[in-house]
Amino acid sequence: MPRISIRRKLAAALVLPVAMLVVVTVVEVVQAAHEAARAEAQTELAAAAIGPAGIITALQDERTWAGVELIGQEDVVGVPVSGYEDTRALSDEAIDAFRDEIAGRTRRVADAYRPALEGLEELARIRSDIDAEPGVRDLSKIEFVGEVYARYASLLQPFFAGTSRVALEIDDPELRQGAELADTVDREVEALTLLLNETVSLAT
């Protein structure tokens, strides 16, 4: 019977432990990759949930300017952005930026905001109706302003719905809480704006 060298015995003895170590290492690397991918996906969802804030703010500013200009109060009421050209340009920039952002997101994010983006087709008609509104700019336009506010609100609601849908898919508690907080703030600002417009309409 041939003798087996000590080196071969040692190598044979190490085969199983080394193989196990390799297996364990591979498993841990795969798990780490999955965790990294999951974290990235969660971060993407959180970023997507906050993304529409730019559009929401821009459209609110555009609506506010139209509201004060139509009733002839643009020199009395301080607004964040003034002028049809500037407010509309900022809205268009925010919309283009969000479309580009969504194009790089996952399908479920794109699906969440698709109704909102498709609804923006109405924006051109709203602007056209504002530009075509005849007569002097005074409080006699308050009813028309109310209609304008309602139409802009209809554009914004699908963005709130999309954000809520995306936020529900975030598993990370802190990221989800941040997304939900941003959504709540946006909704409250919109609700207060509409309430203020309604109050002014009733008072005139």
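The values are calculated or read from the model by the stated rules, or taken from the named source; none is laboratory data. Values in this document were obtained by computation on a predicted structure and should not be read as measured data. Note that we place each Cβ from the backbone using ideal geometry, even for glycine, and neighbour counts take in every protein chain shown. Surface accessibility is based on the protein's heavy atoms, side chains included, excluding ligands, DNA and RNA. Shrake-Rupley method; radii C 1.70, N 1.55, O 1.52, S 1.80 Å.
Quick notes on this structure:
- Tally, over region 64-97, of residues that are among the small types (G, A, S) and within 16 Å of S128 (Cβ to Cβ): 2
- Considering (1) at pLDDT below 85; (2) within 21 Å of V189 (Cβ to Cβ); (3) surrounded by 14 or more Cβ atoms within 10 Å (Cβ to Cβ), the lone condition that S91 does not fulfil carries the number (1).
- Meets criteria (surrounded by 15 or more Cβ atoms within 10 Å (Cβ to Cβ) and at pLDDT below 80) for A191: no
- The set of residues in region 84-139 being among the charged types (D, E, K, R), over 14 Å from P158 (Cβ atoms), assigned to a helix (DSSP H, G or I) and in contact with a Gly (Cβ under 9 Å, 6 or more places away or on another chain) consists of E93, E101.
- Flag for L70 being under 26 Å from E143 (Cβ atoms), out of contact with any helix residue (DSSP H, G or I) (no Cβ under 6 Å at 6 or more places or on another chain) and modelled with pLDDT of 90 or more: no
- Evaluating A48 against the criteria (1) within 21 Å of G162 (Cβ to Cβ); (2) modelled with pLDDT of 85 or more; (3) hydrophobic (A, V, I, L, M, F, W, C) leaves one unmet condition, (2).
- Put simply, of G104, G162, G146 the only residue that is within 18 Å of A53 (Cα to Cα), free of Cβ contacts under 8 Å to residues at least 60 places away in the same chain and of a type outside the set (D, E) is G104.
- Yes/no for V109 being open to solvent by less than 20 Å² (accessible area, probe 1.4 Å), closer than 29 Å to L168 by Cα and at pLDDT below 90: yes
- For first residues located in region 72-95 and over 16 Å from T57 (Cα atoms), partners that are open to solvent by less than 80 Å² (accessible area, probe 1.4 Å) and in a helix (DSSP H, G or I) and lie 6+ apart or on another chain with Cβ distances below 6 Å form the pairs E74/V68; V77/V68.
- The residues of region 162-183 that are modelled with pLDDT of 80 or more and open to solvent by 60 Å² or more (accessible area, probe 1.4 Å) amount to a single one, R165.
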